[in-house]
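Input: a single structure, listed below in structure tokens.
Coordinate-derived values only; no laboratory data. Please read all numbers here as calculations on a predicted model, not as lab measurements. Cβ atoms come from the backbone with ideal geometry, glycine included; neighbour counts cover every protein chain shown.
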Amino acid sequence: MGGKYLETMACDLIEKEFLVIGNSTTANFPDSFPEAAIRVQQDFEEKREQVTNAVDKNVLISPYMSNEIMTTYFACLEVTSLDTIPAGMCGFKIPVTKYARVTCTNRTINNAYTVVFDWIKEKGFNQKRFSSSFPIEIYYLTEKEEEEVVEILIPLEG
């Protein structure tokens, strides 16, 4: 997934609903991150095959909830329904939400957060916090590439 995705960190708006199944971890913030997020993602990668109705097993959906003290970070797959949730996993629906989106790579993710929050401020949007929404990181997993495409979605009010 190279090409246009790696050239710029252009921001845009999308609206989307997610049905996801996966695992989570809760840890001290910011001291335990990004290590805790990487660990739950790596652990979940070994369990992806248990999710039989995944839309794409190579696209990792990682919503999270965070404040200045703790963060809960999920490693999930988007699914077609929540009818069958494997033992030990959780499944939930994130309602249709308007997001600011920026595309980056796993190596430029910190800079991408700066870019998207600057864009949100410049456009006069406000981040939606906690009310039936999550910021989301979407990882497009590749087997042979060290640098993977990542989309960051920040929920917006309105």
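Here are the numbers for this structure:
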| quantity | calculated |
| --- | --- |
| Debye, to nearest 20: dipole size of the chain, +1 on Lys, Arg Cβ, -1 on Asp, Glu Cβ | 460 debye |
| In segment 65-158, the GluC sites (Glu not before Pro) that fall in loop regions by DSSP, at most 10 other Cβ within 10 Å | Glu68, Glu143, Glu146 |
| Simple spin-label estimate for Asn110 and Lys93 in nanometres, 7 Å along Cα-Cβ | 3.9 nm |
| Segment 5-158 - convex hull of the alpha-carbon atoms, volume per residue in Å³ | 114 Å³ |
| Cross-link pairs Lys57/Lys128; Lys16/Lys144; Lys98/Lys121; Lys93/Lys123; Lys98/Lys123 - those with Cα-Cα distance over 19 Å | Lys57/Lys128; Lys16/Lys144; Lys93/Lys123 |
| Formal net charge of residues neighbouring Leu13 (Cβ-Cβ distance under 10 Å; K, R +1; D, E -1) | +1 |
| Within-11-Å neighbourhood charge of Val102 [Cβ basis; K, R +1; D, E -1] | -3 |
